[in-house]
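These notes concern the structure reproduced below.
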Amino acid sequence: MSGHSKWATIKRKKAATDQKRGSLFTKLVKEITIAAKMGGGDPSGNPRLRLAIDTARSNSMPMENIQRAVKKGTGELDGVTWDEITYEGYGPAGIALIIETATDNRNRTVADLRHIMSRHNGSLGESGSVSWMFLRKGSLDVSKSLVSEDFLMELLLDAGLEDLNNDDEGYFNVITDIKDFETAKKALDVAGIAYENAKIDLIPENYIELEAEDAQKVIRLIETLESNDDVQSVYSNMEISESALHSLND
């Protein structure tokens, strides 16, 4: 598996500074509602719901909002029916994109996505056109200020650790198989080691490295896609060169 993407580092920093809370809460409510509908309202028996609730709480979502979203998913309260649809395509410089959506109007969503992609020199593709390039894995970040690489590796080896990326100057990125994700989280909890950004991620098997001009174009496309209310997540196989990283951070 390729090393940790520098784009992931930029996204983490941006999320901490310019994520609009209202937009984030909308996406989290959708995920909680869908997870509760699919697997029931008890997070102890529904790993997807447990992860969605943990993410919502880590982003300071009020518990009453979380409980309301769960009840809408289980049918205890009336709510919108969300359809989960995944789109695939290409952005500038041939970057592969996977766009996960939750929508109550498929026609609106696909029209919006086509418009956004065309405006940013991208295009939607057929189902399966790029998904073969990605693997679905568990992913979380641990601050390097909390633990050494050797200790973290030793702690997680028996908990399903597949890869430990240390390219980020501030964080270790832990990668596990989906079936071992909860085990890894529990091992960290027991050891008293805090973690961030715990999620089921789509990780490219290979990256395409871009210089600053092309990287900026792809970043603008991804940010525009993520600002759409129907879009839950966007994944790409973009890697950013060291020289481009410095110019983008300036």
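Note down the relative contact order for the stretch 122-214 as a percent, whole number, built from C-alpha pairs under 8 angstrom at least six residues apart.
Once normalised by length, the contact order is 41 percent.
Add -39500 (n - 2.57) for each DSSP H run of 4 or more in the chain, then divide by its residues: what number comes out at 222 nm, to the nearest 500 deg cm²/dmol?
After summing the helix terms and dividing by the residues of the chain, the value is -14000 deg cm²/dmol.
Here are some pairs, LYS144/LYS217; LYS30/LYS71; LYS137/LYS185; LYS27/LYS71; which of them have Cα atoms lying more than 20 Å apart in this structure?
Violating the 20 Å limit, Cα to Cα: LYS144/LYS217.
Which residue, ALA56, ALA191, ALA96, tops the fluctuation ranking in a GNM of the chain built on C-alpha contacts under 10 Å?
Judging by the Gaussian network model, the answer is ALA191.
Write down the accessible area per residue of the chain in Å², having rolled a 1.4 Å probe over the full set of protein chains.
Here the per-residue accessible area is 51 Å².
Which value, in nm² and rounded to one decimal, describes the direction-averaged projected area of the C-alpha convex hull of the chain?
About 13.5 nm², averaged over all directions.
Each residue of the stretch 40-48 in turn: what ³J(HN,Hα) in whole Hz from Karplus with 6.51, -1.76, 1.60 and θ = phi - 60°, glycine and Pro shown as x?
Karplus values, whole Hz, x for Gly and Pro: x, x, 9, x, 5, x, 9, x, 5.
Given a cut-off of under 8 Å on Cα pairs at least six residues apart, what relative contact order in percent is computed for the chain?
23 percent
How big is the Kirkwood radius of the stretch 91-218, worked out from every pair of different alpha carbons and given in Å to one decimal?
Value: 17.0 Å, from the Cα pair sum.
Could you check how much of the accessible area of the chain is carbon and sulfur, as a whole percent, using a 1.4 Å probe?
Whole-percent figure for carbon plus sulfur exposure: 47.
The values are calculated or read from the model by the stated rules, or taken from the named source; none is laboratory data. Please read these numbers as outputs of a predicted model, since none were measured by experiment. Calculation scope for accessible area: heavy atoms of the full protein, side chains included, ligands and nucleic acids excluded. Shrake-Rupley method; radii C 1.70, N 1.55, O 1.52, S 1.80 Å.
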